[in-house]
Amino acid sequence: MFISVLDLLKTGIGPSSSHTMGPMIAACEFLRLIKKFSLAHESPRNIFIRCTLKGSLSATGKGHATDRAVALGLNNYSPADVADQDLDTLVRRIWEKTSVKISDTQHAFFSAGKDIIFDAGKPLREHPNGMVFELLDEKNNILLSEIYFSIGGGFICTSTEIKQVVAPLKMESAHVFPYGFDSAQSMLEMSVSSGLSIADMKQRNEVELISACQLSQGLVFIWESMQRCIEKGLSAKGVLPGGLNIPRRAQALYQQLQRQPDKTDVNDWLCAYAMAVNEENAAGHMVVTAPTNGAAGVIPAILYYFVKHEGGTEQQVKDFLLTASAIGGLIKHLSSISGAEVGCQGEVGAASSMAAAGLCAARGGTPQQIEHAAEIALEHHLGMTCDPVHGLVQVPCIERNGFGAIKAYTATSLAMRGSGEHFMSLDRCIAAMKQTGEEMSVKFKETSLGGLAVTITEC
């Protein structure tokens, strides 16, 4: 299996990769289908667009700005397009519109306030994050329709594609890559037989599709985007949107640490950096999906600490990102990173595992120690539910990223003090995560129907 580091780690907007970025990308794709349909058919004079959100997208879509994302996508905006824009102003303008442009001579009627439907009924059976897009004539006859699923990390697939999707993501065949490992065990075996590090194997796979220069530039851009997100979050004040009136805390925490550096430890810094990212995410601003938006603070926090406090170099940053993405690819391939599928163990748990592996690689750990670090971090997130209060990526998500970073740091320290030999393998840990997710109640899988999401209303 293969998924590029530049696909797994990518810039977008908050608050959710599966509930914001995925629906925006799906809406863009449906707009392209309408344009192709319009060129191939003589469309009626009056055509209408409707989007019905199903399952988890319906349950927590308001808090995750799913309706805003769909409206942006149908107006031909991608997550990368809007990462640095004033989204509130742009969305207000879109909400006032009654149509979207199909061509220079044709528009389709679409009013975001009434044509995006939150369907609280039964979810689609294939995946909890379903969307039904329809193009209708004035008699409500369906001219064109497509079902999309947002399968985690900003990736989407259609109802036809999901039948071929593995766990649940389309990936490149391993056969076309020199080191197409599909398990942690095969990854270690390939590393031993080739004498290459995990980062080296990952890089050699990447350059089968893009040049070494493109890969290097892409990794630098990812790291620069992570830094920018942290630094914006550390300088921002105010209350986060959504109605919970949660104040931003990263800036005050960071200033306190700067004033009293002798009274700080690594946990303090990691929490400040991770919370800075996830406050930016909760505000709907630019983040790097790593591997999801809800878990976007873990990897940047670890990497920022490593560079700023431990003198990490650019090459070590690249090794970190390549190694982390190798582990993230395995988790995607063998289980899921979607909170709507397996709970937060697949989001913050996956991010923590990736970060631990990346840090271990950057510090010169052996492949065996790297695999062990990844396993430790993931193991201690097993069973973690996704129960966001009010459907917002704020409570418990912001603090949870700080703790995910702390676990990653600790996992690396433990692994590097050992030989790499250990009882529970990463493959078995990922399998346990998948089974746990399958048996977890839907109440705890990004529906806000259980856990903290309901106990808050009982207080």
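Restrict the check to the range 398-405 and report whether at least one residue is part of a helix (DSSP H, G or I), over 30 Å from ALA59 (Cβ atoms), hydrophobic (A, V, I, L, M, F, W, C) and outside the structural domain of SER56 (by TED's automatic domain parsing).
No, the range 398-405 contains no residue that is part of a helix (DSSP H, G or I), over 30 Å from ALA59 (Cβ atoms), hydrophobic (A, V, I, L, M, F, W, C) and outside the structural domain of SER56 (by TED's automatic domain parsing).
Taking helices (runs of 4 or more DSSP H) that fall entirely within the range 52-124, which contain at least 2 residues that are surrounded by 15 or more Cβ atoms within 10 Å (Cβ to Cβ) and in contact with a strand residue (DSSP E or B) (Cβ under 8 Å, 6 or more places away or on another chain)?
56-60, 66-74, 79-82
I want to confirm something. Restricting to the range 204-215 and keeping residues that are over 22 Å from the mean Cα position of the chain (by Cα) and part of a helix (DSSP H, G or I), which single residue is nearest to HIS175 (Cα to Cα)?
ASN205
Kindly indicate whether GLU224 is outside the structural domain of ALA362 (by TED's automatic domain parsing) and acidic (Asp, Glu).
It is false that GLU224 is outside the structural domain of ALA362 (by TED's automatic domain parsing) and acidic (Asp, Glu).
Out of the range 119-158, which residues are of a type in the set (Val, Ile, Thr) and over 12 Å from ILE49 (Cα atoms)?
Answer for the range 119-158, where residues must be of a type in the set (Val, Ile, Thr) and over 12 Å from ILE49 (Cα atoms): ILE147, ILE151, ILE156, THR158.
If I ask for residues that are more than 30 Å from LEU244 (Cα to Cα), crowded, with 24+ Cβ neighbours inside 10 Å and hydrophobic (A, V, I, L, M, F, W, C), which ones from the range 386-428 would you list?
Of everything in the range 386-428, those that are more than 30 Å from LEU244 (Cα to Cα), crowded, with 24+ Cβ neighbours inside 10 Å and hydrophobic (A, V, I, L, M, F, W, C) turn out to be ALA411, ALA415, LEU426.
Please work out if GLY311 is at positive phi, surrounded by fewer than 24 Cβ atoms within 10 Å (Cβ to Cβ), at pLDDT 95 or above and of a type outside the set (A, V, I, L, M).
Yes.
Looking only at the range 249-276, filter to residues that are without any contact (Cβ under 8 Å) to a residue 12 or more places away in the chain and outside any helix (DSSP H, G or I); which one of those is surrounded by the fewest Cβ atoms within 10 Å (Cβ to Cβ)?
Here the residue is ASP265.
Which residues, taken from the range 222-240, are farther than 22 Å from GLN258 by Cα and exposed (fewer than 15 other Cβ atoms within 10 Å of the Cβ)?
Correct list: GLU224, VAL239.
Here's a check for you: in the range 59-78, which residue that is more than 17 Å from the chain's Cα centre (by Cα) and modelled with pLDDT under 95 is farthest from CYS28 (Cα to Cα)?
ALA59
Only one of GLY243, GLY284 is crowded, with 24+ Cβ neighbours inside 10 Å, at positive phi and touching a residue at least 60 places away in the same chain (Cβ under 8 Å); which?
Testing whether each residue is crowded, with 24+ Cβ neighbours inside 10 Å, at positive phi and touching a residue at least 60 places away in the same chain (Cβ under 8 Å) leaves just GLY284.
The values are calculated or read from the model by the stated rules, or taken from the named source; none is laboratory data. Bear in mind that the values here come from a model prediction, so they are computed numbers and not experimental data. Every residue, glycine among them, receives a Cβ derived from its backbone with ideal geometry; neighbour counts consider all protein chains shown.
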